[in-house]
Amino acid sequence: AQSVTQPDIHITVSEGASLELRCNYSYGATPYLFWYVQSPGQGLQLLLKYFSGDTLVQGIKGFEAEFKRSQSSFNLRKPSVHWSDAAEYFCAVGARAAGNKLTFGGGTRVLVKP
Amino acid sequence: KAGVTQTPRYLIKTRGQQVTLSCSPISGHRSVSWYQQTPGQGLQFLFEYFSETQRNKGNFPGRFSGRQFSNSRSEMNVSTLELGDSALYLCASSGGTGSAYNEQFFGPGTRLTVL
């Protein structure tokens, strides 16, 4: 069975500073990996996805993530955070055999200090 | 293209009642998935429908059920509501071309409160 761990429940970062959110997954084969963002009272918006190929993936809003098979990780990064990046971020894993089912991590809430 | 729409956005029910939530996917999308989001359990997969057939099911009791219509709109039903069913219920749609995985687009959710 798939599982996803996001070790950091909360992260506080200053505006303009860099951000890195950690994600570790457990899955026997090559997974499909995703990062979603959720603003208060909103649904989930896809930031980026990894299916195969280049392990460094670029997404929207200046985010990128790197797939590291040896570490079973898919960490999300942004070089310079904006106040509008304050939200909750979810890492998710899917599998070809599981249809469109996603397994989500517990989420990381990001607070941005002025 | 219009996004995924969910109705109603907010709902208050009492224990023992039943509730039906609706999801209209993006035009042309054939797959609809449902998720429950709670502070304690996080985001959990309920089920997925593709071309009117349930393709996948999560670990929820039989009180949770769903269906999909020929126009791909989907409904989920929760019977005999319990306090623990209070949650944000999210619907996601994707192009769903059979076995291939497709990007999922989420709706804004229905906030269900059970009193």
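Some observations on this one:
Here is a yes/no grid of residues against (1) within 11 Å of chain B (Cβ to nearest Cβ); (2) open to solvent by 30 Å² or more (accessible area, probe 1.4 Å); (3) at pLDDT below 95:
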residue: A:35; (1), (2), (3): no, no, no
residue: A:41; (1), (2), (3): yes, yes, yes
residue: A:56; (1), (2), (3): no, yes, no
residue: A:60; (1), (2), (3): no, yes, no
residue: A:74; (1), (2), (3): no, no, no
residue: A:82; (1), (2), (3): no, yes, no
residue: A:87; (1), (2), (3): no, no, no
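- Annotation: of all residues in the range B:44-73 being part of a strand (DSSP E or B) and small (Gly, Ala, Ser), the one that is nearest to the chain's Cα centre (by Cα) is B:66.
- Taking first residues from the range B:42-56 that are over 9 Å from residue B:32 (Cα atoms) and within 7 Å of chain A (Cβ to nearest Cβ) and partners that are among the basic types (Lys, Arg) and in a strand (DSSP E or B), the Cβ contacts under 9 Å between residues at least 6 apart in sequence or on separate chains come to B:45/B:57.
- The residue list A:86, A:92 contains one member that is aliphatic (A, V, I, L, M) and over 10 Å from the mean Cα position of the chain (by Cα), which is A:86.
- The residue that is modelled with the lowest pLDDT, among those in the range A:8-33 that are surrounded by 13 or more Cβ atoms within 10 Å (Cβ to Cβ) and within 14 Å of chain B (Cβ to nearest Cβ), is A:30.
- The requirement of being under 27 Å from residue A:108 (Cβ atoms), within 14 Å of chain A (Cβ to nearest Cβ), of a type in the set (Gly, Ala, Ser) and crowded, with 20+ Cβ neighbours inside 10 Å is fulfilled nowhere in the range B:58-76; no residue meets it.
- Within the range A:43-54, if we keep just the residues that are closer than 17 Å to residue A:100 by Cβ and either of a type in the set (A, V, I, L, M, F, W, C) or part of a loop (DSSP other than H, G, I, E, B) (or both), the residue that is most open to solvent (accessible area, probe 1.4 Å) turns out to be A:51.
- Residues of the range A:90-107 that are over 17 Å from residue B:92 (Cβ atoms) and more than 7 Å from chain B (Cβ to nearest Cβ): A:97 alone.
- Enumeration of residues in the range B:1-19 that are part of a loop (DSSP other than H, G, I, E, B) and open to solvent by 40 Å² or more (accessible area, probe 1.4 Å): B:1, B:2, B:3, B:8, B:9, B:14, B:15, B:16, B:17, B:18
The values are calculated or read from the model by the stated rules, or taken from the named source; none is laboratory data. In this text, all values refer to a predicted model and were calculated from it rather than measured experimentally. Backbone-built Cβ (ideal geometry, glycine too); neighbour counts: all protein chains shown. With ligands, DNA and RNA removed, areas are computed over all heavy atoms of the protein, side chains included. Shrake-Rupley method; radii C 1.70, N 1.55, O 1.52, S 1.80 Å.
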